[in-house]
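In what follows, a single structure is set out as structure tokens and then discussed.
The values are calculated or read from the model by the stated rules, or taken from the named source; none is laboratory data. What you see is a predicted model, and the numbers here were worked out from it, not measured in a lab. Cβ: placed from backbone, ideal geometry, glycine included. Neighbour counts: every protein chain shown. Just so you know, the surface numbers come from the protein's heavy atoms only, side chains and all, with ligands and any DNA or RNA stripped out. Shrake-Rupley method; radii C 1.70, N 1.55, O 1.52, S 1.80 Å.
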Amino acid sequence: MTEPRPDTLILSGHCPRCAAAIDVPVVSGVFRTGGPRSGRRQHGTPDGTARPRVELMMCTCDEDHPDRPEGRYGCGAYWTVRVPAAPR
């Protein structure tokens, strides 16, 4: 896990299904103009500690997989990753 800029993480590892090396950017918020404000905030627990984030991940490999539709990527695997809370 690296943090190239504030509020952006790059999660690196291997797909649990096809074992391809992947890097997936995860942002904690986006800036949009002209729309309702949305986005996930990291809330604390009752004792004041930050909760870990749980992110949905999917394989983004460009390996050749049988029966993958034209123009798509990945092997179809998806999973969740717990991102530890940053120390305060």
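How many of the residues making up the stretch 50-65 are part of a strand (DSSP E or B) and either on the phi > 0 side of the Ramachandran plot or open to solvent by 100 Å² or more (accessible area, probe 1.4 Å) (or both)?
Final tally of qualifying residues: 1.
Note down all Cβ pairs under 6 Å where the first residue falls in the stretch 1-19 and is under 13 Å from Trp79 (Cβ atoms) and modelled with pLDDT under 70, the second is open to solvent by 80 Å² or more (accessible area, probe 1.4 Å) and in a loop (DSSP other than H, G, I, E, B), and they're at least six residues apart or on different chains.
Pairs found: none.
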